[in-house]
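Engineer: Below is a structure I'd like to ask you about.
The values are calculated or read from the model by the stated rules, or taken from the named source; none is laboratory data. Here the structure is a predicted model, which means the values were calculated and not measured. All Cβ positions, glycine included, derive from the backbone under ideal geometry; neighbour counts span all protein chains shown. The accessibility values were calculated without ligands, DNA or RNA, using every heavy atom of the protein model including side chains. Shrake-Rupley method; radii C 1.70, N 1.55, O 1.52, S 1.80 Å.
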Amino acid sequence: MIHQLLLIRHGQTDDNAAGIIQGHNPTSLNATGRREARRLAESLADQGVCARRLVSSDLARALQTADSLAEQFDLPIEVNIAWRERYFGSLQGRPLSAGDIWLAAGGQSEPPGAEPSEQMAVRVRRALLEVAQNAADCTLVVTHGGPLRMILRLMQSGLIPLAEGQTPPPVQPIRNCGMLRLNYERGDGRFVVVSVDVAERGGE
């Protein structure tokens, strides 16, 4: 049986708009982010998505995005800290260029005091496999730019297996309230990348 997994980046925050790296900071959605979350929920419903499970990072910006999905699909929110953004150590709360933010968020740099990229890779891979193996037809996961980029990196390295013949997508940022859409075949344990919503600028 094929299960749909919609991995969603949270809506915009003021720090996103300012190019500030957030990490574990308890930033909230701004007005644009709240509109993005509502539009996303309505769009998924209009597309006929039949979500059966909703999982979210525990950070405020993710939970606020998940609230719109929970209301639209009448689902409880399952909070899982494994879907948190990376802790960025000395960079947290600082303004950075989009490129530097994307590198740090995806585990391609090691800021002083940050969660080690190898540790982040283990937790994100484990979180993805857990939600895939326990998928209920269609599962929504609200997370952050860093975990999504890490998943793309793990696909590139082969640590997240893709269906035979599929080329891993490039490691790239996903826009606010954008998605990494995956199908998962429980029988062979492999993923199919359906689509990636690419961002033009960052601020994880």
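Engineer: Given the conditions (1) over 20 Å from Ala62 (Cα atoms); (2) hydroxyl-bearing (Ser, Thr, Tyr); (3) touching a residue at least 12 places away in the same chain (Cβ under 8 Å), which single one is not true for Ser109?
Structural biologist: (3)
Engineer: Taking the range 67-79 as the search range and keeping residues that are within 16 Å of the chain's Cα centre (by Cα) and open to solvent by 70 Å² or more (accessible area, probe 1.4 Å), which one is nearest to His24 (Cα to Cα)?
Structural biologist: Looking at the filtered set, the residue picked out is Val79.
Engineer: Has the range 146-164 got at least one residue that is open to solvent by 40 Å² or more (accessible area, probe 1.4 Å), under 30 Å from Arg35 (Cα atoms) and in contact with a Leu (Cβ under 6 Å, 6 or more places away or on another chain)?
Structural biologist: For the range 146-164, residues open to solvent by 40 Å² or more (accessible area, probe 1.4 Å), under 30 Å from Arg35 (Cα atoms) and in contact with a Leu (Cβ under 6 Å, 6 or more places away or on another chain): absent.
Engineer: Taking only the range 101-129 into account, find how many residues are open to solvent by 70 Å² or more (accessible area, probe 1.4 Å) and either in contact with a helix residue (DSSP H, G or I) (Cβ under 8 Å, 6 or more places away or on another chain) or not in a helix (DSSP H, G or I) (or both). Walk me through it before giving the result.
Structural biologist: Kept after step one, since they are open to solvent by 70 Å² or more (accessible area, probe 1.4 Å), are these residues of the range 101-129: 103, 108, 110, 112, 118-119, 122, 125-126.
Still in the running and either in contact with a helix residue (DSSP H, G or I) (Cβ under 8 Å, 6 or more places away or on another chain) or not in a helix (DSSP H, G or I) (or both): 108, 110, 112, 125-126.
Qualifying residue count, the range 101-129: 5.
Engineer: Taking Ala82 as the residue in question, decide whether it is touching a helix residue (DSSP H, G or I) at 6+ places or on another chain (Cβ under 6 Å), at negative phi, open to solvent by 20 Å² or more (accessible area, probe 1.4 Å) and modelled with pLDDT of 95 or more. Walk me through it before giving the result.
Structural biologist: Values: touching a helix residue (DSSP H, G or I) at 6+ places or on another chain (Cβ under 6 Å): yes; at negative phi: yes; open to solvent by 20 Å² or more (accessible area, probe 1.4 Å): yes; modelled with pLDDT of 95 or more: yes.
Considered against the rule, which asks whether it is touching a helix residue (DSSP H, G or I) at 6+ places or on another chain (Cβ under 6 Å), at negative phi, open to solvent by 20 Å² or more (accessible area, probe 1.4 Å) and modelled with pLDDT of 95 or more, Ala82 comes out as yes.
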